[in-house]
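Enquirer: This structure is in structure tokens; I'll ask about it shortly.
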Amino acid sequence: DQGYVEVLLLGQTVNSYRDPGRTNFTFAKLLLELAKIDGLKRIRFTSPHPNDFTDELLDVMVTCQQVCNQVHLPVQSGSTKVLRAMRRGYTRLRYLQVIEKIHKAPRPIALSTDIMVGFPGETEADFRDTLSLLDEVQYDNVFSFKYSPRPNTAALSLPDGVSEEEKGRRLKVLQEQQKLIQYNRNAAYLGQLMEVLVDDNARSRFSLAGRTTNNKIVNFDGPETLMGQIVPVEITGFSANSLKGVWLSKDRRNHEGNRV
């Protein structure tokens, strides 16, 4: 009623949600309930846990256009040994089985994740497993960081055999590899027409910024009155982190149509 067109469901293992008052009311069913709200055009959620990423949830993402086609699916490491030490509750194989289903979905779904390097006991071979995971999954975005001790965590009792210098090296290698993956993935959007929800001023060179339904940042020029609207933008350029484009105003669309 206040005019919002997008909602984000936020929670640790958000897809593990169950309504205690309704039998079998799963997270996927919650998304379908939200999709019935008049005026709500986009529904996002983060961060799901791989073990609870069900076929039912994937089917809703494919068939319900209001549910955004982007998933932030934290992995933390590509090594099963490290995942067990982290008590993540899944193996590399189990995680990749979920990814394979997402890749095969009839609706393209963008993927992002969290990755930690230098967890206690992580060997060079373990780190290489993480690098190979990047190549296999082809994430659209990765939030990566170095392990650091935190109070009241089980990891505090583990011997931390990875030096700060080595953690820094691994992080740099991982980020450089992922940057190339993102650059190549963003190149595929060149020339496409995308629906962009304008939600901010661009940081440089352009006046406006917004996000596509698959969470790509798009920078373009246009009036401030577009803020909060979903507008068509033709992609004319890209970097590893964002896209740039041209807003197709009604006048411009009419002109282009007449020219064609």
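The values are calculated or read from the model by the stated rules, or taken from the named source; none is laboratory data. These numbers were taken from a predicted model, which means no experiment stands behind them. Glycine also receives a Cβ, built like all others from the backbone with ideal geometry; neighbour counts cover every protein chain displayed. We work out accessible area using only protein heavy atoms, side chains counted, and drop any ligands, DNA or RNA first. Shrake-Rupley method; radii C 1.70, N 1.55, O 1.52, S 1.80 Å.
Enquirer: Give me the net charge of Arg44's neighbourhood, meaning all other residues with Cβ under 10 Å from the Cβ of Arg44; Lys, Arg count +1, Asp, Glu -1.
Expert: Once positives and negatives cancel, what remains is +1.
Enquirer: So, one more: According to a simple spin-label model (label point 7 Å from Cα along Cα-to-Cβ), what is the distance in nm between Arg107 and Val5?
Expert: Reported label-point gap for Val5 and Arg107 is 1.8 nm.
Enquirer: Could you state the accessible area per residue of the chain in Å², with a 1.4 Å probe and every protein chain left in place?
Expert: Working: 14110 Å² over 260 residues.
For the chain, the per-residue accessible area is 54 Å².
Enquirer: At 1.4 Å probe size, with the rest of the protein present, what percent of the exposed accessible area of the stretch 1-66 is carbon and sulfur atoms?
Expert: The computed percentage sits at 51.
Enquirer: Roughly speaking, what is the stretch gain from Asn184 to Ser16, that is 0.36 nm per residue apart minus the C-alpha to C-alpha distance, in nm to one decimal?
Expert: 57.1 nm
Enquirer: Here's another thing I want to ask about it. In the Gaussian network model of the chain, springs joining C-alpha atoms below 10 Å, which of Asp114, Asp135, Asp38 carries the largest mean-square fluctuation?
Expert: Judging by the Gaussian network model, the answer is Asp38.
Enquirer: With r as the distance between the Cβ atoms of Ser163 and Ile37 and R0 = 35 Å, compute the FRET efficiency 1/(1 + (r/R0)^6) and round to 0.05. Could the numbers behind the result be given before it?
Expert: Numbers: r = 52 Å, r/R0 = 1.48.
E between Ile37 and Ser163, to the nearest 0.05, is 0.10.
Enquirer: For the chain, what does the helix formula give at 222 nm: sum of -39500 (n - 2.57) over DSSP H segments with n ≥ 4, over the residue count, nearest 500 deg cm²/dmol?
Expert: It lands at -10000 deg cm²/dmol.
Enquirer: Now for a different question. Please calculate the 1.4 Å probe accessible area of Phe143, with all protein chains present, and give it to the nearest 10 Å².
Expert: For Phe143, the solvent-accessible surface is approximately 110 Å².
Enquirer: From the mean inverse distance of alpha carbon pairs (Kirkwood) and the Cα radius of gyration, derive Rg over Rh for the stretch 1-138. Mind dumping the intermediate values first?
Expert: Details: Rg = 16.5 Å, Rh = 16.2 Å.
Taking Rg over the Kirkwood Rh, I get 1.02.
Enquirer: Also: Need one value: the accessible area of Tyr183 in square angstrom, 1.4 angstrom probe, rounded to the nearest 10.
Expert: 100
Enquirer: Rounded to the nearest 0.05, what FRET efficiency is calculated for Gln65 and Arg128 with R0 set to 30 Å and r the Cβ-Cβ distance?
Expert: 0.15
Enquirer: Can you tell me the alpha carbon radius of gyration of the stretch 104-144 divided by the globular rule-of-thumb value 2.2 N^0.38 Å?
Expert: It is 1.38.
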